[in-house]
Amino acid sequence: MNADLCIRAGWIIPVEPHRAVLKDHAIIVDEGQIVALVPASTEIHAQTVVDLPHHVLLPGLVNAHTHAAMTLFRGLADDLPLAEWLAQHIWPAEGRFVDGAFVTDGTALAVLEMIRSGTTCFNDMYFFPGETAAVVDKAGLRATLGMVVIDVPTAWAADTQGYLRRGLAFCDAWRHHPRIRALFAPHAPYSVGDETLRAIRVHADELDMGLHMHIHETAGEIQQGLERYGMRPLARLDALGVVNSELIAVHMTALTDAEMALCAERGVSIAHCPESNLKIAAGISPVTSLIRQGVNVALGTDGAASNNDLDMFGEMRTAALLAKGTSGDATAVPAVTALEMATLNGARALGLADQIGSLVPGKAADIIAVDLSPAATQPVYDPLSQLVYAASRDQVTDVWVGGRPLMRHRQMLTLDEQSILAKAKTWRTKIRTA
Ligand SMILES: [Zn+2]
């Protein structure tokens, strides 16, 4: 067999088939795609052969909800409830500092952290998506980038028409990029009115494109929706025609049984962000019930200003533990499910499951290697269990996207790490002394 790349490893967890763990196997990659998974002893003629006997290979992690550039606000305001955190700290700071340069430097810091933690694809919601796209393009990972709309003027746009015009221009400019896709991202039910949502729906239908939106983040949001519109936010969105299989609903705490059934019936994907929800004391999404009803639940970190990291390993562990603690059922969200949420379910939510999310022939070679030889993950009875319950993101040693190496032996290959860190320090001085 001839190929571009052959990666042999102690274990491969392909995610599909469900719960499969292949011992002493190799992944064969040609022209950026996975060609085969074979026993490591198979004779292969590859241009590059990588041997990782102490490692487990798995699909690159998919962060289903973040605001990458906000890493520059990491730790700026903590230990506050959502409304106060947003209105008194984040929105004023965004008003003063967010511009194209901020988004470029903040996204570079985020992308550096993500590649170092094994995340190869992220779903972003932020202003200046063209700047975000340029960083993603250079770094070599994958992203779906939001065309943000919010009924508040910002440096990105002054009004609804401005947001739509600039968003659509971004979408058009990056339409043919192999690793970047645009997606509508109305901020939240409380910050986007009916007229705006109707306009977004018309464009989304025309472009056959999904929506990415914060929904039911807190009980306060639901109460406010009842007072202002006479209905709960999800019911209002349903009346506006946007609750469907193209919707990525972020957070989704405080759901009724009828709302969970609606999500299942319509094929809505949920981006569960357990650490951000816990930190803001926003509420807890009933993921055990949602999964039982067949809803696709993916995992997101949310922005580093409310998490405060972009660590999908941490998110997997928290999702598994939180589901057990809140349901009183130790079998809720087992390790295998947590890993599926962080990979294949994320790919499904983003409409990319035909390309990524599992290591099967025909999909893109988005692969990460995790070294299980450190004490923290020894001995290895079950590598799947070690990944979710014991491994840290710092054990990710190698990352490939479309067969291209982005990190080898923890050395960054596409990013200038020192320059990114220096710029982050410069922003810190500017923001802190303002
Ligand atoms: Zn968010």
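Values in this text are rule-based calculations from the coordinates and carry no lab data. What you are looking at is a predicted structure, and each value in this text was computed from that prediction instead of being measured. Here the Cβ is made from the backbone with ideal geometry for all residues, glycine too, and neighbour counts use every protein chain on show.
Structure notes:
- By the equivalent-ellipsoid construction on the alpha carbon gyration tensor, the stretch 1-111 comes out with semi-axes of 44, 17, 11 Å, ordered largest to smallest.
- For the pair Asp151 and Asp137, the difference between a 0.36 nm per residue extended length and the Cα-Cα distance amounts to 2.1 nm.
- Axis of helix 219-229 versus longest Cα principal axis of the chain: the two differ by about 40°, to the nearest ten degrees.
- Ordering Gly106, Gly294, His18 by the projection of their Cα atoms onto the charge dipole of the chain, which places +1 on the Cβ of Lys and Arg and -1 on the Cβ of Asp and Glu, puts Gly106 at the extreme positive end.
- Over the C-alpha trace of the stretch 289-414, radius of gyration and Dmax come out as 15.3, 45 angstrom.
- Subtracting the Cα-Cα distance of Lys425 and Trp91 from their residue separation scaled by 0.36 nm leaves 118.1 nm.
- q = 0.15, 0.24, 0.28 Å⁻¹, the stretch 187-234: log10 I(q)/I(0) [Debye, one scatterer per Cα]: -0.42, -0.88, -1.04
- Candidate cross-link partners of Lys324 among the aspartates and glutamates, defined by an alpha-carbon separation under 16 Å and a same-chain spacing of 8 or more, comprise Glu275, Glu315.
- Calculated from backbone phi, Karplus (6.51, -1.76, 1.60) coupling profile of the stretch 354-359 in Hz, x at Gly/Pro: 6, 10, 9, x, 7, 9
- Secondary structure note: in the stretch 12-119, about 80% of the DSSP beta bridges are antiparallel.
- In sequence order, the stretch 382-398 has phi-based couplings of 9, x, 5, 5, 4, 4, 7, 9, 10, 6, 10, 4, 5, 8, 6, 9, 9 Hz under the Karplus curve 6.51 cos²θ - 1.76 cosθ + 1.60, θ = phi - 60°, and Gly or Pro positions carry x.
- Span from the the stretch 333-360 Cα centroid across to the the stretch 223-243 one, whole angstrom: 30
- For the stretch 258-329, the Cβ-based charge dipole about the Cα centre amounts to some 160 debye (Lys, Arg positive; Asp, Glu negative; other atoms uncharged).
- Cα long-axis angle, helix 160-173 against the chain (0 to 90 degrees, to the nearest 10): 20
- Angle of helix 194-207 to the longest C-alpha principal axis of the chain, folded into 0 to 90 degrees and rounded to 10: 40°.
- Debye intensity ratio I(q)/I(0), log10, the stretch 83-194, q values 0.14 Å⁻¹ (C-alpha model): -0.57
- Listed pairs Lys23/Lys138; Lys279/Lys430; Lys279/Lys423 exceeding 31 Å between Cα atoms: Lys23/Lys138
- Helix-only arithmetic for the chain: the sum of -39500 (n - 2.57) across DSSP H runs with n ≥ 4, divided by the residue total, places the mean residue ellipticity at 222 nm at -10500 deg cm²/dmol.
- Here the label points at Asp79 and Arg198, each 7 Å from Cα along the C-beta direction, are separated by 4.7 nm in the simple model.
- Cα gyration tensor shape of the stretch 61-348, rounded if a/c is under 1.5, else prolate or oblate by comparing a/b with b/c: rounded
- Sorted by Cβ density within 10 Å, fewest first, the residues Asp366, Asp309, Asp257: Asp257, Asp309, Asp366
- Given R0 = 45 Å, the distance between the Cβ atoms of Glu265 and Gln411 translates into a calculated FRET efficiency of 0.40.
- With the biggest extent put first, the Cα atoms of the stretch 366-423 measure 40, 27, 16 Å across the principal axes.
- Normalised by the number of residues in the stretch 64-130, the average gap of Cα pairs under 8 Å and 6 or more apart makes the relative contact order 61 percent.
- For Ala185, the residues whose modelled amide H falls within less than 5 Å of its own, excluding neighbours fewer than 5 places apart on the same chain, are Met147, Val148, Val149, His212.
- Under a model in which nothing but the beta-carbon of Lys, Arg (+1) and Asp, Glu (-1) is charged, the stretch 61-348 shows a dipole of about 480 debye around its Cα centre.
- Options Pro233, Thr343, His272, ranked by Cα towards positive dipole end of the stretch 196-351, top entry (Cβ charges): Pro233
- Residue exposure sequence - Trp11, Trp427 - by fewest surrounding Cβ within 10 Å: Trp427, Trp11
- Once backbone amide H atoms are built at 1.01 Å from N, Val250 has Met213, His214, Ile215, Ala271 as its partners under 5 Å, excluding neighbours fewer than 5 places away on the same chain.
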